[in-house]
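The values are calculated or read from the model by the stated rules, or taken from the named source; none is laboratory data. All figures in this text were calculated on a predicted structure; none of them were measured in a lab. Here the Cβ positions follow ideal geometry from the backbone for every residue, glycine too, while neighbour counts run over all protein chains shown.
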Amino acid sequence: MKVFFSGYYMVFRLNWFYFGITLGNSCVCLLCKSGYVGQYCTETCRKGMWGEQCKNYCSPNCDSNKRCNVTTGDCLGDCRAGFYGPKCETKCKIGTWGKNCLSNCSPNCDSNQSCDILTGDCLGACKAGYLGPQCQALCPPGLYGLDCQDNCSENCLHPCDSTDGHCSPCRPGYEGESCQKAVPLRRKEETSNSFNFVHFGIGVASLAVAVAIVFGILVLRRSLLRRRRKRVCNIYNQPDVISSDMNQYVNNQNQSELEEHPYQN
């Protein structure tokens, strides 16, 4: 662009201003835009710098070798663990950690679920029943409580709860949530008597069933014997009936002949 001003021509070309009769002189920029430096504002800020005259440092929390936009200062990559935001200058909120604060602290951290914003390690003790930097490991079998320092009761038949030591069932003779309370002797006797009574009842019932089965077998056998004897008797009695019928028939025939021929003698 060529402009005539007070007998001189001035030409504006990109970032250079030219003046003079022959337009052979160039102007030097008095102020560059944000992110640029030099006499003619053609040089960008060096690595790690940004803003007017490149006086500002990129945030040390920028994860891409501390590089940022030379104009705005926004980080060019992710934020370093523990920070978030365009310039990665905001610390993670309570309960979050890691790159861009996208990870959650372990719910087993005892200090309001707060943890180190860089590593995620719990800042205080773990809740009862857990171990480890991030409180994610359960107590080993046989241990429970804060820092897993308490031993489960010896009267537990199975490993106790890692949080409060509760266990079930208990060894015979013990009761309670942790199986540490001895059962009173009287209750033991009642339990024993009840146990014996139940077994006695089962024995009596079994004996009664066995007797009933034997009795039923005897009755059935006797009934079968009676039926068999009755059949035998019927077989032996049949010829007598037939013989009697034959005799009656012969007598009837003889009587008929006598009546037909009374004077043959």
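Considering the conditions (1) at positive phi; (2) surrounded by fewer than 15 Cβ atoms within 10 Å (Cβ to Cβ), Ser111 is excluded by exactly one of them, (1).
For segment 143-152, filtering for residues that are surrounded by 21 or more Cβ atoms within 10 Å (Cβ to Cβ) and either assigned to a loop (DSSP other than H, G, I, E, B) or on the phi > 0 side of the Ramachandran plot (or both) leaves 1. Would you be able to say whether some residue in segment 124-142 is assigned to a loop (DSSP other than H, G, I, E, B), more than 28 Å from the chain's Cα centre (by Cα) and either surrounded by fewer than 13 Cβ atoms within 10 Å (Cβ to Cβ) or at pLDDT 85 or above (or both)? No, the conditions are met nowhere in segment 124-142. Inspection of segment 89-109 identifies at least one residue that is in contact with a Leu (Cβ under 8 Å, 6 or more places away or on another chain), under 22 Å from Thr163 (Cα atoms) and not hydroxyl-bearing (Ser, Thr, Tyr). Checked against (1) out of contact with any strand residue (DSSP E or B) (no Cβ under 9 Å at 6 or more places or on another chain); (2) closer than 28 Å to Asn65 by Cβ, Lys91 meets all criteria but (1). Residues in segment 159-181 that are more than 28 Å from the chain's Cα centre (by Cα) and outside any loop (DSSP other than H, G, I, E, B): Tyr174, Glu175, Lys181.
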